[in-house]
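The values are calculated or read from the model by the stated rules, or taken from the named source; none is laboratory data. Because the structure is predicted, anything quoted here is derived from the model rather than measured. Keep in mind that these areas ignore ligands, DNA and RNA; they rest on the heavy atoms of the full protein, side chains included. Shrake-Rupley method; radii C 1.70, N 1.55, O 1.52, S 1.80 Å.
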Amino acid sequence: RERERIFVFSKFQLSSFRVYEIQPLIKNSLTQEYLRGLSRILLVDPVVEKFTLTRLKAPLGKKCCVVWLKSGVYDAEGDMALYAARRFGLADGIKAIKYGRGYKFGLERGAWSVESLYNPLVETLERL
């Protein structure tokens with residue numbers, strides 16, 4: 001499974017973030033420079049957000065998890081990102097874009113649990 005992940009974080013210290021998983025048409029066909037440009041143009045608001053590209057599970061020093069839609073469930077945000085990339089002529093080599101919601105956990109124990117962050121009927125939870 002060769003997919004690039006773009007982690008999008010708020011410049012404000014929030015406990016949530018976005019993840020875009022980019023699936024290329026051909027393995028290793030998307031360069032880091034291309035993905036940085038795609039992120040800057042379409043996926044990130046540079047005034048209030050920053051991003052990290054990685055093939056790793058998570059670029060964070062904290063525990064975190066990502067909530068993904070299960071296969072077969074319509075991913076509107078991922079499809080709209082791919083649609084916008086196509087409209088701007090930036091989708092060459094991209095097969096699919098998948099959207100996920102991420103949550104960071106510090107050392108403190110919050111009032112909510114990981115299981116309360118997703119609906120197991122239509123979503124999966126990936127612990128990073």
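Please list 3J(HN,Hα) in residue order for the stretch 63-80, calculated via the Karplus relation 6.51 cos²θ - 1.76 cosθ + 1.60 where θ = phi - 60°; whole Hz, with x for glycine and proline.
6, 8, 9, 10, 9, 10, 6, 5, 5, x, 9, 5, 9, 5, 5, x, 5, 5
For Phe88, Phe17, Phe51, write out the residues from largest to smallest accessible area, computed with a 1.4 angstrom probe and no ligands counted.
Per-residue accessible area, sorted high to low, gives Phe88, Phe51, Phe17.
Whole-Hz Karplus ³J(HN,Hα) for the stretch 42-48, in order, using 6.51 cos²θ - 1.76 cosθ + 1.60 and θ = phi - 60°, x for Gly and Pro?
Once θ is set to phi - 60°, the couplings for the stretch 42-48 become 10, 9, 10, 8, x, 6, 10 Hz.
How much accessible area per residue does the chain have, counting only protein heavy atoms and a probe of 1.4 Å, in square angstrom?
Working: 8060 Å² over 128 residues.
The answer is 63 Å² per residue.
Leaving ligands, DNA and RNA out of it, rank Tyr99, Tyr83, Tyr20, Tyr34 by accessible area with a 1.4 Å probe, largest first.
Ranked from most to least accessible, the order is Tyr83, Tyr34, Tyr99, Tyr20.
Can you send over the solvent-accessible area of Asp79, 1.4 Å probe, protein chains only, in Å² to the nearest 10?
60
What is the extension gain from Lys63 to Val114, computed as 0.36 nm multiplied by their sequence separation minus the C-alpha to C-alpha distance, in nm to one decimal?
17.2 nm
Using 0.36 nm per residue of separation minus the Cα-Cα distance, give me the extension gain between Asp92 and Lys27 in nm, one decimal.
Details: separation 65, 0.36 × 65 = 23.40 nm, distance 1.32 nm.
Going from the current span to full extension adds 22.1 nm.
Can you tell me the alpha carbon radius of gyration of the chain divided by the globular rule-of-thumb value 2.2 N^0.38 Å?
The chain yields a ratio of 1.06.
Relative contact order for the chain: what is it in percent, counting Cα pairs under 8 Å that are at least 6 residues apart?
35
Residue by residue, what Karplus-based ³J(HN,Hα) values in Hz, rounded to whole numbers, does the stretch 113-128 have, using 6.51, -1.76 and 1.60 with θ = phi - 60° and x for Gly and Pro?
Result, rounded to whole Hz: 9, 4, 5, 7, 8, 8, 9, x, 6, 10, 10, 10, 10, 10, 8, 10.
Ignoring ligands and nucleic acids, what accessible area does Leu42 show with a 1.4 Å probe (Å², nearest 10)?
50
Taking a probe of 1.4 angstrom, what is the accessible area of Thr54 in Å², to the nearest 10?
It works out to around 20 Å².
Give the ranking of Glu126, Glu77 by solvent-accessible surface, highest area first, calculated with a 1.4 Å probe.
My answer, sorted largest first, is Glu77, Glu126.
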